[in-house]
Structure formats: C-alpha cells, structure tokens
Amino acid sequence: KISEHVYKALVEGFRVDGARYVILLEDDLRAASDFFSVFSVGVQLLEHDESLWCVSAWNDNAGIAGMHGWRPDSLRRTSYFPGLGWLTSKQTWDSVLQPSWPAAPTTGWDHWLRAQDSLSGREC
C-alpha cells in the first residue's frame with residue numbers, strides 16, 4: 001500500500017544522521033528550478049512558527065517555469081494538507097505523525113493526514 005511506502009520513506013529519511021527535515025516528492029512530479037529555494041524559505045518559517053507542521057511545494061496555479069514566479073512574502077498557508085511535494089520536521093514526525101500513523105488507513109494516507117486531530121489546527 002502507498003501508506004506503507006510513505007511511512008517507510010519517512011522512517012528511512014529521518015534515519016540519516018542529523019536529518020531534521022525530510023522532503024517527500026511523488027515520483028510523477030517535476031520539480032521547478034526554484035524547488036529548493038521554496039523549501040529553504042519554508043523551513044525558516046517552520047522553525048519559527050509552531051502553528052505550521054509542513055511545507056508544501058505543490059502549486060495548483062503553477063505553469064511554465066518562471067512564468068508566475070514567487071516571492072518569499074507571497075507564500076500561502078493552508079489548513080488543507082496539499083500532499084504531492086512536501087516537507088516535515090523530525091520533531092513533528094516523532095511527536096505527532098509516527099505515533100499515530102495508521103496501519104491500514106481506510107481512505108488513504110493523505111486523507112488520514114487531512115483529518116488528523118493531533119495536528120491541533122496546525123497548517124502547511
């Protein structure tokens with residue numbers, strides 16, 4: 001199941017010595033040239049804002065590379081887990097996600113994340 005693959009990817013990602021963050025990117029997505037720049041800014045926000053639990057690079061409005069552009073002050077928050085290309089911290093994984101990860105989610109791992117009460121209103 002996909003849930004097991006995502007779980008194992010997170011476990012293995014955080015096993016890397018000193019890994020504080022893991023990025024998960026679905027295999028059919030193409031990263032834009034500013035992919036790591038977006039995550040770099042997102043990590044800074046994640047480190048300083050306890051109301052955030054993840055950073056997402058998914059953009060429904062994306063198009064031709066460079067056409068829309070982005071600025072650090074134009075990043076948006078959402079209470080809806082966007083999935084696809086996202087990052088979370090070891091602290092969130094260890095304290096919230098891993099302990100409650102379902103053995104067999106009935107609606108898919110991403111739906112489970114969207115319904116998580118343990119995230120206590122935190123956003124991406």
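The values are calculated or read from the model by the stated rules, or taken from the named source; none is laboratory data. All of these numbers come straight from a predicted model, not from anything done at the bench. Quick reminder, even Gly has a Cβ in these numbers, built from the backbone with ideal geometry, and neighbours come from all protein chains shown. Note: areas computed on protein heavy atoms with side chains; ligands, DNA, RNA excluded. Shrake-Rupley method; radii C 1.70, N 1.55, O 1.52, S 1.80 Å.
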- [ ] List every residue pair whose Cβ atoms sit under 8 Å apart, with the two residues 6 or more apart in sequence or on different chains, where the first one lies in the range 100-113 and is open to solvent by less than 30 Å² (accessible area, probe 1.4 Å) and the second, anywhere, is modelled with pLDDT of 85 or more and basic (Lys, Arg).
- [x] none
- [ ] Please enumerate the residues belonging to the range 1-45 that are in a helix (DSSP H, G or I), open to solvent by less than 50 Å² (accessible area, probe 1.4 Å), among the β-branched types (Val, Ile, Thr) and touching a residue at least 60 places away in the same chain (Cβ under 8 Å).
- [x] VAL6, VAL11
Open item on the list: Residue pairs, Cβ under 7 Å, 6 or more apart or interchain, first in the range 46-59 and surrounded by fewer than 18 Cβ atoms within 10 Å (Cβ to Cβ), second in a loop (DSSP other than H, G, I, E, B). List them.
Closed with: SER51/ARG122; TRP58/PRO82; TRP58/GLY83; TRP58/LEU84
